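Peer 1: For reference, the structure I am asking about is given below.
The values are calculated or read from the model by the stated rules, or taken from the named source; none is laboratory data. As the structure is a computational prediction, the values presented were derived from the model and not from experiment. Using ideal geometry, Cβ is built from the backbone for each residue, glycine included, and neighbour counts are taken over all protein chains shown.
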Amino acid sequence: MDQRYILRIFSKLTSKEIVQLRQSPDISPTLVWLQVDYADQDTPLDIDYNIISIGNSQEYFSRIVPFKILKCLNYQAMDYPEIPRGHNSLCQFDFSTGIPPAIEQLPPYSNKHPYDPLVIQFYQAAL
């Protein structure tokens, strides 16, 4: 069986926050910066993955969604070589078939909303 990964996604970054990280705002409809609240293990970047389930306390569904994690930064805008296990990070995702509605509907990056992260379970896509 393929290795599975789990991430908790808390919010999505706005263009203003992306620029503050000295990154270019997303110009593609498939790119989005997300606040990763927790990773269950070190998660490599720039690999083809497939989501198998996604949800929070309000909604949960299973479907295959291909994506890549292109960049991962700490809160001082320093690059991480991977999403580190157990740490918060800011990551750029590329959903080649379009950003899933559950991710589009995440609240903007802030500490002013209730804690109800999306949990995504995914695995490395077959070559």
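Peer 1: Scan region 21-40 for residues that are surrounded by 14 or more Cβ atoms within 10 Å (Cβ to Cβ) and part of a loop (DSSP other than H, G, I, E, B) and report the count.
Peer 2: Let us first name the residues in region 21-40 that are surrounded by 14 or more Cβ atoms within 10 Å (Cβ to Cβ), namely 21, 23, 26, 30-40.
Going one step further and asking which of them are part of a loop (DSSP other than H, G, I, E, B), we end up with 21, 23, 26, 30, 40.
Of the residues in that region, 5 qualify.
Peer 1: Contact list please: Cβ distance under 8 Å, first residue in region 71-87 and of a type in the set (S, T, N, Q), second residue in a strand (DSSP E or B), pairs at least six apart or on different chains.
Peer 2: So the pair list comes out as Asn74/Ser89; Asn74/Leu90.
Peer 1: Going by the structure shown, is Ile18 in a strand (DSSP E or B) and either aliphatic (A, V, I, L, M) or surrounded by 12 or more Cβ atoms within 10 Å (Cβ to Cβ) (or both)?
Peer 2: Here the answer is no, as Ile18 does not meet what is asked.
Peer 1: Another question, if that's okay. List pairs: first residue in region 10-34 and within 16 Å of Ile69 (Cα to Cα) and touching a residue at least 12 places away in the same chain (Cβ under 8 Å), second residue in a loop (DSSP other than H, G, I, E, B) and of a type in the set (Ser, Thr, Tyr) anywhere in the structure, Cβ distance under 7 angstrom, at least six positions apart or on different chains.
Peer 2: Ser11/Tyr109; Ser11/Ser110; Lys12/Tyr109; Leu13/Tyr109; Thr30/Ser96
Peer 1: So for region 56-63 (the condition being at pLDDT 85 or above and either among the β-branched types (Val, Ile, Thr) or outside any strand (DSSP E or B) (or both)), does at least one residue qualify?
Peer 2: The answer is no, given that none of the residues of region 56-63 is at pLDDT 85 or above and either among the β-branched types (Val, Ile, Thr) or outside any strand (DSSP E or B) (or both).
Peer 1: Go through (1) in contact with a helix residue (DSSP H, G or I) (Cβ under 6 Å, 6 or more places away or on another chain); (2) assigned to a strand (DSSP E or B) for Ile6 and report which single condition fails.
Peer 2: (1)
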